[in-house]
Every structure is written in C-alpha cells, then in structure tokens.
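All of the numbers you see were taken from the coordinates with simple rules; none came from a lab. What you see is a predicted model; the values in this text were computed from it and never measured. Please note: Cβ atoms are built from the backbone with ideal geometry, for glycine as well, and neighbour counts cover all protein chains shown.
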Amino acid sequence: MAASEVTAATAAVAPTARRRPSRLRRIRRYLLPAMGAVLLVILILSALVAPWMAPYDPFEMNVVDRLLPPNEAYWFGTDAYGRDIFSRTLYGGRVSLVVGASVALASTAIGLLIGVIAGYFRMADAILMRIMDGLMAIPGILLAIGLMSLTRASIWVVIVAITIPEVPRVVRLVRSVVLSVREQVYIQAATAIGTRFPRLMVRHILPSTFAPLIVQATYIAASAVLLESYLSFLGVGTPPEIPSWGNIIAEGRLYVQIAFWNILFPSIFLALMVLSINVLGDGLRDMLDPRLARRL
Amino acid sequence: MAQEPVLAVESLRVEFATGDAPPVVAVSDMSFEVHRGETLCIVGESGCGKSLTALSILRLLPRPYGRIGAGRVLLDGRDLTTVSEAEIRAVRGRAISMIFQEPMTSLNPVLTVGRQIAETVMVHEGLSWQDCMDRALEMLRQVRIPEPERRLHEYPHQLSGGMRQRVMIAMALACRPRVLLADEPTTALDVTIQAQILDLIRDLQQETGAAVVLITHDLGVVAEMAQRVLVMYAGSKVEEGSVEEIFDAPSHPYTRGLMAAMPHLGGGRGKRLNEIPGVVPALDARPPGCAFAPRCMQAVARCHAEAPPLVQIGGTHTVACWAHGQGARA
C-alpha cells in the first residue's frame with residue numbers, strides 16, 4: 001500500500017527531470033558561474049602569492065625606467081617613479097581581497113544578528129528598523145570621508161566605512177525571511193513538540209536565511225571592492241603608501257595621455273574581480289533559489 | 001469509566017483581545033474529558049473553534065491576541081493553564097503531542113525528516129544524537145514508511161503527502177505521549193491515504209494506549225474512529241455523547257443537520273445534498289440566545305432570547321437545546 005505511493009511519486013517526478021534545459025539556459029546556469037569562479041580563484045591566488053610571484057618589489061623606484069610601456073622586463077610597464085606596475089597590481093589585489101572579504105563577513109554577521117532580533121521581537125523591530133533606515137540614508141563615500149578626517153587613514157577605517165551602510169541591507173533581508181518563516185506551520189509544529197526558543201532560532205529559522213545571505217554576501221563583496229577603489233581614487237581610502245587598485249589608478253591618472261598602461265592594467269583587474277564575483281553571485285542565486293531561476 | 005481521565009478540559013474560554021474593545025470570545029464554556037486509550041472526536045464546521053480548543057490545551061494560541069480567558073486544562077490533575085513556560089514546554093511533545101492539518105507545511109523544508117524526529121527526542125530525553133537518530137529510524141519503521149533507512153536522510157519535499165503525515169505522526173509519538181491531539185490529520189490527503197493514516201493512528205493508539213483527541217469535520221472519520229463525539233457550534237459545545245448515542249439519536253438540530261448533509265450511497269442521483277441554511281454568526285455578533293437559533297428550523301421564541309444549558313438526556317449523552325430537558329422533555 002505505501003509502496004505504491006512511492007512508485008507513484010517517482011513516476012510523477014521523472015518526466016520533468018528528464019527534460020533537457022535549452023543550451024542558453026545551461027550556459028547561464030553552469031558555464032558562466034563556473035567561469036566566474038575560476039577567474040575569481042585565479043585573482044585570489046595571484047593576490048595571495050604576490051610576494052613570491054611579483055618580479056619586483058612594488059615599492060622599488062627606478063628613475064631611469066620611469067613611464068616605460070609594457071615590455072619583457074616590465075610586463076605592465078612602469079609608473080612615474082619607475083615602479084613595476086605588474087608587481088604593484090598584484091599587491092593591489094591583496095587590499096581588494098581583504099576589503100571585499102572583511103566587509104562581506106562583517107556586514108552579514110552583524111546584519112544577521114540584528115535582522116533576527118528585528119524579525120522575531122516585535123518590540124525591538126520598530127526601534128532597530130528606524131535606526132537601519134537612518135544608516136541607509138548615509139552615503140557610503142561621505143561617511144568614509146568623515147571617518148577619514150576623524151582618524152588616520154588605514155585599511156580598517158575603509159572596511160568600517162563600507163560596512164556600516166551595507167549592514168541595513170542585510171538586516172532587511174534577514175528580517176523579511178525571519179518574518180515569513182516564523183509564521184510557518186512547521187515553526188508552530190516545532191513549538192508544539194517543546195522546542196526552546198534558542199534551538200528554534202538556530203535550527204529552524206536561521207537555515208532559511210543562509211541561501212539569500214550567501215548570495216547577498218557576494219554582491220556586498222563586489223560592491224565593497226568597487227567602493228574601496230572609489231575611496232582610494234579620491235584619496236580618502238587606503239593610505240597612498242599601500243598600493244591598491246584605486247591608488248594606482250589615481251596616481252596613473254596624471255599620466256594617462258602619455259602612459260595609459262598606468263591605469264589600464266589595474267582597471268582591468270578591478271573590472272575582472274567585480275565581474276567574476278557578480279557572475280558567481282548570480283550563479284549561486286540561481287542554484288540556491290531554483291524557483292526564481294526558472295522564471296528568468 | 002471510573003478511572004481518572006488523562007486530560008480534562010473544564011469550562012475553557014478562549015478569547016481574542018484586540019485594542020481597547022472588549023475581548024471577542026472564540027470558545028466558551030468548553031468541557032470534556034478523555035481517558036487512556038480512548039478517542040474523542042470534536043466535530044463542527046470551519047471556524048467553530050475546534051482548532052483553537054486544541055491549541056489552547058498546549059497554550060499555543062496565536063500571540064499576542066489569543067488567550068485563555070477562563071477555565072482549566074488538567075493533565076493527570078495538573079492545571080496546564082497556570083504552569084510556567086518551562087513546564088508547559090516539557091509537556092509539549094512529551095505528554096501531549098499535536099499533529100497538524102497540513103503535512104505539506106508542518107515539516108521544516110530545510111531539515112531532513114530524521115533530524116526533525118530526532119529533535120523531539122533530543123529536546124525531551126536528552127539522549128545522545130546517535131540514540132535519537134536510532135529512535136527516529138525506529139519511529140519511521142513504526143509508522144510503516146518503506147525503506148526507513150533511506151527516508152531518514154531525505155527532505156520533506158522528497159516525500160508524498162501521505163508519507164509526510166506519517167513523519168508528523170512519528171514525530172508526535174516519538175516520546176510516547178499520553179495524549180495525541182490530531183487537528184484534521186487527514187483533511188489534506190487523498191481518500192485512500194486518509195484511510196491508511198486513520199488505521200495507523202488507531203493501531204499506534206492501541207500499542208501505546210494514548211488518548212486521542214481527533215478534530216475533524218468529516219462524520220465518516222468520526223464513525224470510524226471515535227468512542228466519544230463532541231459537536232461544536234460557534235465556539236460552544238452543543239452535544240456530546242458516545243458514538244452510538246450521537247449516531248443513533250442525534251438530538252441537537254445542528255447535529256441532525258450535519259448528518260443529513262452527508263451524501264449517501266444510493267441517495268438518489270441528481271438530487272441536491274441537504275444543507276443547513278445560513279452561515280455561522282460572526283464572533284462579535286452572536287445572538288443573545290442559542291447561537292444556532294437563526295439557522296434552526298425548530299427554533300421557538302425562547303431560543304432567540306435565552307441560551308439553552310447542557311442537559312443530560314441519556315447515559316453519557318448531553319445536549320444544549322431547549323427542545324430537550326426541562327419542560328420540553330416531559
């Protein structure tokens with residue numbers, strides 16, 4: 001009797017599972033995210049092994065060789081002080097990596113905590129969400145400029161300045177998931193078997209937030225990398241003595257007419273990094289939320 | 001039945017407080033008892049307070065508006081309405097379990113069914129995780145799920161509706177509760193699966209000796225399962241008795257209406273089913289007299305003015321209707 005249920009269920013599932021997705025859809029589902037992931041891994045590795053891979057010290061000035069176009073000795077050419085742009089670009093990736101990863105981690109961790117509280121406790125909700133609305137109204141760049149003028153420029157200040165405006169976005173996301181999940185019958189069922197609140201939270205409600213959070217974290221990482229470059233370019237981000245993509249571009253900007261490679265290569269790296277993270281994020285979203293993916 | 005009831009509900013009132021308005025009474029003066037191994041069916045149409053009665057037993061009324069306004073819920077003589085939050089939590093799932101109507105939504109989609117069953121055991125018996133999983137496997141076997149070893153590690157979406165309800169039953173019975181509250185456990189299932197689930201509940205009840213409170217609006221289910229029947233209308237009990245008493249001599253006009261509304265085999269093709277005219281009055285617009293009076297064919301002036309008390313009309317048969325008891329019966 002129950003065995004017939006099983007066969008009936010598998011029979012019903014089989015035809016849809018067999019249908020081959022179109023070529024375009026397969027590319028978008030598997031190929032693009034895979035390419036994004038591979039590219040991202042290459043960029044991460046290049047940043048990690050920069051000290052061993054860079055052919056020159058990124059700070060070493062060689063006045064004789066200043067503003068050389070790309071050649072065999074200097075693959076990406078040299079800048080106005082005769083420093084090797086290839087080495088500097090590799091080192092610059094380290095800043096982007098640290099900023100992207102820390103901002104994504106910090107904002108999701110803080111956002112998750114606040115979002116859960118706001119989603120579950122009605123009293124806290126009104127207060128927390130108004131604070132979040134306030135934070136969202138602060139433009140990230142202005143906040144960074146403000147923080148920079150109050151403290152000494154350092155990469156940590158950049159991370160804090162980018163994290164603060166990102167937190168409310170995570171809070172909203174987590175809160176909306178918690179709000180919808182807490183009304184589900186299975187939460188009532190879990191309560192009806194005597195589950196305590198902390199366990200209910202951790203085992204039944206939190207797992208539902210992970211999929212959207214992972215996706216959101218990738219977008220945050222991408223925008224943090226970009227924002228760090230803006231800030232550095234404007235001179236309010238990473239201190240100028242540390243090579244970051246934004247810094248290199250800012251310095252190269254002065255010579256763009258005679259030595260465009262100064263900004264070309266770090267810009268390509270920046271664009272590829274942001275692109276690869278976003279493509280990977282889109283792929284993750286499609287994999288983690290099949291319902292949305294089907295509609296696209 | 002001289003023996004003490006496992007669960008006794010006494011004059012329970014469930015009310016909803018909204019803003020400054022006086023609370024709306026959703027269930028009033030509800031009393032019943034269930035004994036070990038007995039099945040009580042609560043029957044009534046949608047919105048009559050059946051589910052609220054069950055939820056209030058475990059103090060699961062929707063917060064912050066719903067509350068128990070009066071009355072007691074006695075589990076082995078202990079009043080559950082006054083115990084602490086920690087104590088009621090220890091009762092939930094251990095002494096009293098609940099099965100919900102929708103097997104599709106009452107399992108967490110992101111956890112394997114094995115984990116969800118094991119969790120109940122974990123919460124109440126504090127065994128090692130391995131022991132809890134062993135118990136979960138044993139429960140899956142007991143609710144007759146084929147290939148339990150494989151199903152243990154599957155997610156709810158991989159199971160059919162019938163199997164999910166089996167998993168819910170496994171969860172509910174994992175700690176051998178003394179009372180099982182089943183809120184329309186078969187309403188969302190196919191008829192053939194319904195019969196299997198009811199059989200399963202009955203078999204497991206015989207094995208464990210649990211008292212079952214089965215909420216349903218399906219009189220077929222009642223005839224199949226119940227020893228005792230309680231008919232509710234608009235938040236109150238209108239008739240209660242053994243299954244024979246109710247089916248042989250339905251005494252409240254509402255109960256008779258329900259019976260007449262059931263389709264019968266060979267009841268003449270093309271004929272319309274009998275129905276009870278009108279609708280249930282809104283919670284905040286109850287008539288002063290008998291709540292059923294506006295829809296009742298036999299209503300007399302007194303019915304509209306005064307609510308009838310419950311009177312005993314047979315062995316264990318009580319009914320709240322002016323047509324019975326006092327003057328009327330003589």
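Approximating the spin labels as points 7 Å out from Cα along Cα→Cβ, the B:Trp129-to-B:Val300 distance works out to 7.0 nm. Note that the protein assembly as shown carries a Kirkwood radius of 29.5 Å, evaluated over its alpha carbons pair by pair. Among B:Thr39, A:Thr191, the order by Cβ neighbours within 10 angstrom, fewest to most, reads A:Thr191, B:Thr39. Taking every DSSP bridge with both residues inside the protein assembly as shown, close to 60 percent are antiparallel.
Put in order of Cβ neighbour count within 10 Å, fewest first, the listed residues A:Ile205, A:Ile145 become A:Ile145, A:Ile205.
Nearest 5 percent is fine: what portion of the DSSP beta bridges confined to segment B:1-113 is antiparallel? Working shown, then result.
On the way: 17 of 18 bridges.
That works out to approximately 95 percent antiparallel.
Rounded to the nearest Hz, the phi-derived 3J(HN,Hα) couplings of segment B:170-175 under the Karplus curve 6.51 cos²θ - 1.76 cosθ + 1.60 (θ = phi - 60°) are 4, 5, 5, 9, 4, 9, where x marks glycine and proline. Karplus-based coupling profile of segment B:204-217, in residue order and whole Hz: 5, 5, 5, 5, 9, x, 6, 8, 10, 10, 10, 9, 7, 10, with θ = phi - 60° in 6.51 cos²θ - 1.76 cosθ + 1.60 and x standing for Gly or Pro.
Which percentage, to the nearest 5, of the DSSP beta bridges contained in chain B is antiparallel?
Around 60 percent antiparallel, to the nearest 5.
Given just the C-alpha atoms of segment A:219-267, how large is their convex hull per residue in cubic angstrom? Kindly include the intermediate steps, with their values, before the conclusion.
On the way: hull volume 3.3 nm³, N = 49.
Each residue corresponds to 68 Å³ of Cα convex hull volume.
Please give the per residue volume of the convex hull enclosing the alpha carbon atoms of segment A:95-165, rounded to a whole number of Å³. Could you put the intermediate results ahead of the total?
Numbers: hull volume 5.6 nm³, N = 71.
Hull volume over Cα atoms, normalised by residue count, gives 79 Å³.
Here the convex hull built on the C-alpha positions of segment B:212-330 has a volume of 126 cubic angstrom per residue. Rounded to the nearest whole angstrom, the semi-axes of the ellipsoid equivalent to segment B:224-285, taken from the Cα gyration tensor as √(5λ), stand at 22, 19, 8, largest first. Restricting segment A:237-267 to chymotrypsin sites (Phe, Trp or Tyr not before Pro) that sit in a DSSP loop and have at most 16 other Cβ atoms within 10 Å of their own Cβ leaves A:Phe260.
Quick one: Debye curve from the alpha-carbon atoms of segment B:1-148 only, equal weights, vacuum; give me log10 I(q)/I(0) at q = 0.13 Å⁻¹ to two decimals. Once normalised to I(0) and log-transformed, intensities are -0.75. Rg and Dmax of segment A:61-132, both derived from C-alpha coordinates alone, stand at 23.2, 68 Å.
What number results when the radius of gyration of segment A:87-221, computed over Cα atoms, is divided by 2.2 N^0.38 Å? Present the calculation step by step, with values, prior to reporting the outcome.
Working: Rg = 17.7 Å, N = 135, 2.2 N^0.38 = 14.2 Å.
Taking the Cα Rg and dividing by 2.2 N^0.38 Å, one obtains 1.25.
Between amide H atoms placed 1.01 Å from N, distances below 5 Å from B:Cys41 occur with B:Leu214, B:Gln227, B:Arg228, B:Val229, B:Leu230, all of them 5 or more places distant or on a separate chain.
Segment A:89-129: which chymotrypsin sites (Phe, Trp or Tyr not before Pro) are DSSP loop and have at most 16 other beta-carbon atoms within 10 angstrom?
Numbers: sites: A:Tyr91, A:Tyr120, A:Phe121; in loops: A:Phe121.
Listed in order of number, the matching sites are A:Phe121.
Per residue, chain B reaches -9000 deg cm²/dmol at 222 nm when only DSSP H runs of four or more residues are counted, each adding -39500 (n - 2.57).
Here chain B has an Rg and Dmax of 20.8, 67 Å, counting Cα atoms alone. The three principal axes of the C-alpha atoms in segment B:99-168 carry coordinate ranges of 30, 22, 19 Å, sorted with the longest axis first. In terms of its alpha-carbon gyration tensor, chain A comes out oblate; a/c meets the 1.5 threshold, while b/c is at least as large as a/b.
Give the share of C-alpha pairs in each 5 angstrom bin for segment A:153-276, from 0 to the last occupied bin, in whole percents, shortest bins first. Pairs per bin, as whole percents: 2, 10, 15, 14, 13, 10, 8, 7, 7, 5, 4, 3, 1, 1, 0.
By counting other Cβ atoms within 10 Å of each Cβ, how are A:Phe59, B:Phe292 ranked from fewest to most?
Values: A:Phe59 14, B:Phe292 25.
Arranged by neighbour count, lowest to highest, A:Phe59, B:Phe292 become A:Phe59, B:Phe292.
Annotation: amide H-H contacts under 5 Å for B:Val238 (H modelled 1.01 Å from N, sequence separation of 5 or more, or interchain): B:Val231, B:Met232, B:Tyr233. Along each principal axis, taking the top coordinate minus the bottom one, the Cα set of segment B:156-290 gives 45, 38, 31 Å in descending order.
Residue by residue, segment A:200-217 carries 3J(HN,Hα) couplings of 4, 5, 5, 8, 10, 9, 4, x, 5, 8, 5, 4, x, 5, 4, 5, 4, 4 Hz when phi is fed to the Karplus relation 6.51 cos²θ - 1.76 cosθ + 1.60 (θ = phi - 60°); x denotes Gly or Pro. Computed from Cα atoms alone, the Kirkwood hydrodynamic radius reported for segment A:212-296 is 14.2 Å. For chain A, leaving out every one of the GluC sites (Glu not before Pro) that falls in a DSSP loop and has at most 13 other Cβ atoms within 10 Å, the longest unbroken run is A:73-182. Proximity of backbone amide H atoms, modeled 1.01 Å from N, is registered between A:Thr238 and A:Ser232 at under 5 Å, excluding neighbours fewer than 5 places apart on the same chain.
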